[in-house]
Amino acid sequence: MNAQLTIRTPENVHIRYDLAGPGSRFFALVIDNLIQGLLLTAFLWPLAKGKNLDLNTLPEKMGLWDGLFLAVLIFFIMLIALGYFIIFECLWDGQTPGKKLLGLKVRRLGGQPVDFLASLLRNLFRIVDILPVFYVAGFLTMFFNSMGRRIGDIVAGTMVIRERRSKAPLPVGLAPEEHEEETKAWLGGSLPELTEGELGPIREYLRRCDAFAPATRKRLVEGILRRVLVCFRPAGPMPVVDAEQVLRVIYRWYQTANFAREEAEHGREEKPAVSYENP
């Protein structure tokens, strides 16, 4: 199964996603389940050591401490069974360790990063997908769904895609240090006030650039840079960096300046007012 999905963005750009098939998702799940088993063992072995609960005597002969222990046991099992996926998907941009190793990523149907609610829904429905044993319902649904989505994905409005390995050497907001100051000097040495209409396209491009075809990527970079350079005072021809790296320099420059401004404002708010009286 090597299905693809093409999405048209509000900027009228077509983004193509490679959808993950049942095979790669199965192996990612196996890896995650192995890690979950190790976590359960690490957390619960010290708790269970010395305990000898007989479930046949529950709840009539259960003492208070046995009841508390069982509650903690159930809490940790649920936390690792469901919380594992939710926490990783929200903090790792739609990836768990298993998905990361297999190059997979969870996305919403519009291509946006998965949020907490979507992750919560898709993982709560694992309880349905797992029926009758080891995700039989989920994998059957994936085989018959044109996008390879399991029941949890359908309910949550998510999909699992294959992550494209970008050939770009740098992550969002970074540029080679040896060229960064040179680029800033070429831009005029000072950062103008950028509106959301000017900064937003840079941010959205850097977030999604891995999904663009090379020709589309080049066209978008040149168009965005052409519009944003109106706000600067470039001196002469562009230095020895490509247009995309100039966008990265601008974006990190803006982030640094914005952070410094927020820190300064926060410092002024916390600084106590001091008054002096003449003796």
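The values are calculated or read from the model by the stated rules, or taken from the named source; none is laboratory data. Just so you know, these numbers come straight off a predicted model, no measurement behind them. Positions of Cβ are generated from backbone atoms using ideal geometry, with glycine treated the same way; all protein chains shown enter the neighbour counts.
Test of understanding: among 18, 32, 93, 66, which residue is among the charged types (D, E, K, R) and modelled with pLDDT of 90 or more? Walk me through how you get there before you give the answer.
Details: 18 fails: modelled with pLDDT of 90 or more; 93 fails: modelled with pLDDT of 90 or more; 66 fails: modelled with pLDDT of 90 or more.
Among 18, 32, 93, 66, only 32 is among the charged types (D, E, K, R) and modelled with pLDDT of 90 or more.
Looking at the structure I just gave you, is residue 211 touching a strand residue (DSSP E or B) at 6+ places or on another chain (Cβ under 6 Å) and of a type in the set (Gly, Ala, Ser)?
yes
Hey, any hits in region 247-255 for a residue that's closer than 22 Å to residue 93 by Cβ, surrounded by fewer than 18 Cβ atoms within 10 Å (Cβ to Cβ) and at pLDDT below 85?
Taking every residue of region 247-255 in turn, at least one turns out to be closer than 22 Å to residue 93 by Cβ, surrounded by fewer than 18 Cβ atoms within 10 Å (Cβ to Cβ) and at pLDDT below 85.
When the residues of region 85-131 are narrowed to those that are surrounded by fewer than 16 Cβ atoms within 10 Å (Cβ to Cβ) and aromatic (Phe, Trp, Tyr), which ends up nearest to the chain's Cα centre (by Cα)?
92
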